[in-house]
Amino acid sequence: MATELRVPTAEDHRFLGQPVGLATLFSTELWERFSYYGMRAILVLYLVAPTENGGLGMSTAEAVGIYGVYSAMVWLLAVPGGWLSDRLWGPRKTVLIGAFIIAGGHYVLAIPTSWAIWPGLACVALGTGFLKPNISAMVGGLYDEDSDEGERRDAGFSIYYMGINIGGFIAPFVCGYLGQEIGWHVGFAAAGIGMTVALLVYVLLAPRTLGPIGKRVPNPAERALLRKVFTITGVGLAICAILAIIDVALGTFDSKHVIWFLSAVTIATPFIYFTRIFRNKSLSPIEVSRMRAYIWIFVGAVMFWMIFDQGGSILNLFAENNTSRYIGDFQFPASWLQSVDPIGIIIFAPVFAYLWIKLGKRAPSLPAKFAIAIFLIGFSFFVMSYLGKVSSGGTLVAWEWLVLVFFIQVIAELLLSPTGLSASTQLAPRGMESQVLALWFLATAVGDAIGGLLAGLQEPLGNAGYFALLGLGAVIVAAIFATQVKKISKLMSGVH
Ligand code: GLN
């Protein structure tokens, strides 16, 4: 370890030209995403499957509501995850604790009972909130901030994003097959084994390859503050528990109450963040202007993720119920179509990277990219609406149609996701980078929560009407965005 500490990362090119620590973070995140997307590929299918097939027999509205609020929690809990890392444990330890909780969550889900779903999902969401923002922060920590490592850093992040999508690509084949063909809980156990691999990689390789990265607690909190935060959290959780107990005791408990409550908390959180940022008197006029632009970016991202993340819920159910999935004589499980998005990213990410370099200054601005991305995500739902109409009489549509829909979404994702992430760090006022990054994750949380609630309309409206309605919403937002491109660019004051 001592020798590793002496190797300055700028001179370390041992992993694809990158510091060797990237290999550790890349492999850990690959297996963590394997577990995350493997479980997600079968979650909604398990919730709606009839009890005689081992499922929970829920209605579509309830299942997609639970999926939506679970996904929202994953991103909302990145806020306390970031705070604990900043103020108490440091990234290295927070990731380790998160990894243990996630693995535990998947193994709880593997218990073949119907109650395991609640503690299991809670653990996966909590652990992911601890792990996800902090492992990305450690990737950033591999590069010297003030040397000329900018390009190498971008390349490092691209390699890391590939790791994420390799995990997301393999997972549905393994967990999806086992879950749908052998038994749901076997699929969840496979996700648990994936997370165990992530944990082992991290525990064995981090001490040897990361040196001091992520060990320092950036801004340690005083004992009094910690006590205050833990007391407030404890009291808050106790009040929630009491309300839930009263609800159960009165016999009025319904999973909708939990979904509505958590959705309301999720939607309220960014308001608190924005208010705090704008109330800060030390912001310069340029910083205030950039944060005004960020409101647009935030709203656009909410619209985007709201539709995009239904890929694992409503589109997954469509794949299961309304598509013909034969390759020759072999009928493949619906969850395998969840691999289309990650493989699309693996194929197209380098194409886009090349395109932006080639276009140079002629490349579209961030708000223009957002407008196109939101339009495309809306358009993908228009295609879904057409498929919904074709299949309404019980006709099965060819699975290749869904591949097309997912590929349209990949293009939209590549226009919006990396762009928004990097803009979040650039537009943030000085010293508020992590808060604005938290806002970026909160956009996904809010989108997923609203998406989960809206998805309840799929049953009453039918597929054709439901997809058309959401598609139309996105296209309207895209059109408004398009009229504001110049204004938003101006507000961004120099950030592209
Ligand atoms: N697909 C990416 C991941 O899993 C990004 C998700 C997001 O930012 N909402 O990390």
- request: Report, largest value first, the span of the C-alpha coordinates of region 255-411 along each principal axis, in whole Å.
  value: 66, 51, 24
- request: Give the ranking of LYS369, LYS215 by solvent-accessible surface, highest area first, calculated with a 1.4 Å probe.
  value: LYS215, LYS369
- prompt: How do ARG290, ARG153, ARG223, ARG33 stack up against each other in accessible area, from largest to smallest, with a 1.4 angstrom probe?
  reply: ARG223, ARG153, ARG290, ARG33
message: Taking 20 °C and 1.002 mPa s as the conditions, I'd like the Stokes-Einstein D for region 15-64 in µm²/s, using the Kirkwood hydrodynamic radius from alpha carbon pairs.
response: 163
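Would you mind giving the three semi-axes, in whole Å and largest first, of the ellipsoid equivalent to the chain according to its Cα gyration tensor?
33, 27, 25
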- request: Take THR252, project a point 7 Å from its Cα along the Cβ direction, then tell me which residues of region 224-239 have their backbone nitrogen under 19 Å from it.
  value: 239
- prompt: What FRET efficiency would be calculated for the residue pair LEU469, ALA264, taking the C-beta separation as r and a Förster radius of 22 Å, to the nearest 0.05?
  reply: 0.45
In Hz, Karplus ³J(HN,Hα) per residue of region 109-124 (6.51, -1.76, 1.60; θ = phi - 60°; x = Gly, Pro): 4, 6, 5, x, 9, 7, 7, 4, 4, 6, x, x, 5, 4, 5, 4
statement: At 10 °C and 1.306 mPa s, the Stokes-Einstein diffusion coefficient in µm²/s for region 1-157, with hydrodynamic radius from the Kirkwood sum on alpha carbon pairs, is 91
- prompt: Quick one: which of LYS93/LYS281; LYS358/LYS490; LYS132/LYS369; LYS358/LYS486 span more than 29 angstrom between C-alpha atoms?
  reply: LYS93/LYS281
message: What figure, in Å² to the nearest 10, do you get for the accessible area of ILE377 with a 1.4 Å probe and non-protein molecules left out?
response: 0
- prompt: Under 15 Å from the 7 Å Cα→Cβ point of SER158, by amide nitrogen: which residues of region 390-417?
  reply: 414-415
Over region 388-437: Kirkwood hydrodynamic radius from C-alpha pairwise inverse distances, Å: 13.9
- prompt: Once amide H atoms are placed 1.01 Å from N in the peptide plane, what residues at a sequence separation of 5 or more from SER324, or on another chain, have their amide H within under 5 Å of its amide H?
  reply: VAL397, ALA398, TRP399
- request: Starting from the Cα of GLU181, step 7 Å along the direction of its Cβ; do the same at LYS228; then give the gap between the two resulting points in nm.
  value: 5.7
- prompt: When only Cα pairs under 8 Å and 6 or more residues apart are kept, what is the percent relative contact order across the chain?
  reply: 23
query: At each listed q (0.22 Å⁻¹), what is the log10 of I(q)/I(0) that the Debye formula gives for region 48-115 modelled as equal alpha-carbon point scatterers?
result: -1.01
query: How far is it, in nm, from the label point at GLU400 to the one at GLU433 when both lie 7 Å from their Cα along the line to the Cβ?
result: 4.7
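The values are calculated or read from the model by the stated rules, or taken from the named source; none is laboratory data. The structure presented is a predicted model; accordingly, all values stated were derived computationally and were not measured. All Cβ positions, even for glycine, are placed from backbone atoms using ideal geometry, and neighbour counts span all protein chains on display. The area values use the complete protein model at the heavy-atom level, side chains included, leaving out ligands, DNA and RNA. Shrake-Rupley method; radii C 1.70, N 1.55, O 1.52, S 1.80 Å.
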